[in-house]
1. Which FRET efficiency value, to the nearest 0.05, do you get for D330 and E304 by plugging their Cβ-Cβ distance into 1/(1 + (r/R0)^6) with R0 = 35 Å?
2. Quick one: helix 347-370 against the long Cα principal axis of the chain, what's the angle to the nearest 10°, folded into 0 to 90?
3. What ranking of Y267, Y319 emerges when the number of other C-beta atoms within 10 Å of each C-beta is taken as an exposure proxy, fewest first?
4. So what are the ³J(HN,Hα) numbers for the range 83-93, from phi and the Karplus equation (6.51, -1.76, 1.60; θ = phi - 60°), rounded to whole Hz, Gly and Pro as x?
5. Taking the Cα centre of each part, how many Å lie between the range 259-293 and the range 129-179?
6. Could you work out [θ]222 nm for the chain from helices alone, using -39500 (n - 2.57) per DSSP H run of at least four and dividing by all its residues? Round to the nearest 500 deg cm²/dmol.
7. Hey, what did the chain get for relative contact order, percent, Cα under 8 Å, at least 6 apart?
8. Rank-order 297-306, 114-123 by packing density, defined as the average count of other C-beta atoms within 10 Å over each peptide's residues, highest first.
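Read the figures in this text as sums done on the coordinates, not as results from a lab. Predicted model, so just to flag it, every value in this text is computed and none were measured. We place every Cβ from the backbone using ideal geometry, glycine too, and count neighbours over all the protein chains shown.
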Amino acid sequence: MRRAPLSRWRAAHVSHVRRQGTSCGRLLHLQRGVNGRRRAGVSALVDVVFRGEADVSFPHFVDDYLAAGARRECLDGLPLSSYPGLVTMRNGSAFAVQPIHHSESELAVFPPPDRSDFDHRAYQAASIARVGEKVAPVITTYGCPFACDFCSKPVFGDTVRHRDLDGVFAEIDELRHLGYDAVWVADDTFTLRRVFVEDFCRRARSRGMTWSCLSRASGVDADLASLMAASGCSHVYLGLESGCPATLALMNKRATVAEGVRATQIYHEAGIAVGAFFMVGYPGEDVAAIEETFAFALELPLDEISFNVLMPLPGSRLYERLGGRDATRDWTHENEITFVHDSEVDEVWLRRRVDETLAVFAERRAILSASP
């Protein structure tokens, strides 16, 4: 029988153990891992890593570890194979247990995240300084059915599962009680199932909070966008990635340039601010294709844009095709215009063109903002 997810008192106990970790060398160091395929990622600083959806297996392990005496030497006496997603070192090699993905019926009985041991005042102040609202994240769906070349899905996997909306809005109501006035729906595929989005919107309308989300370019129409706007949706972010059809094919994006144009226009006309993410310098992409993307971004009625170069994620098809991680490269430059793989595109040129495009975009936005 599976244990229940981490209860509030157990979470407080784990939090206390974590705070004491720097003063007690006998404590076990735990880490929630994000990549389900890199089994060798247990360093000398970490005793145990949990991969994937460890909502049940992690508290199960914590219970057993504390009951056994809470010492590192107790680790080998635990039934390690009973904790899905666990990775540790045994006799110099990685011992890994296959992660699991919880069903919708299991997700429905999970309690909301325990936010009691958290400095909400500081978090909200930082959020106001950054975006002008007190924003908190909520996840409503797990998994993504698409197979983009650059993407790795080690935590939630390929199968889409929806949380029960009663539980989602119990969590949102708790966030309101804590003083938050906006929600970031942090799903990869929030707009994938229309009836789910419509039900979410009907419930959100009575909460008096703004919310924002990611959206695919496909599957949206004016009626859905209008419903989202009426329920408080203030921002939608699209992973358009490229304005070049050939590059979208390289990415296995399963989306077209025309769909990106249409979705942007629909959300814009509904009164929802639209942001878009683009990748430039994709392996196999030439300068002409990159310039298509810059021009495409400037043609659309967007409120925010960002350009990044690829960060090959372990577990993605692209990572394997590029031969894995190049240890001679500096991988600390995530979300910067710095390649960690061989590229025919000159980084200096690409940084300059990104800066120029962003400057043109900002100038156009300033002109629009000044217009009556």
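1. After rounding to 0.05, the efficiency reads 0.80.
2. Taking the Cα atoms of the chain, the angle to 347-370 is about 70 degrees.
3. Least to most surrounded, the residues fall as Y319, Y267.
4. 10, x, x, 6, 9, 8, 9, 9, 6, x, 10
5. 23
6. Helix contribution divided over all residues of the chain: -11000 deg cm²/dmol.
7. Normalised by residue count, the contact order of the chain is 12 percent.
8. So the peptides 297-306, 114-123, ranked by packing, come out 297-306, 114-123.
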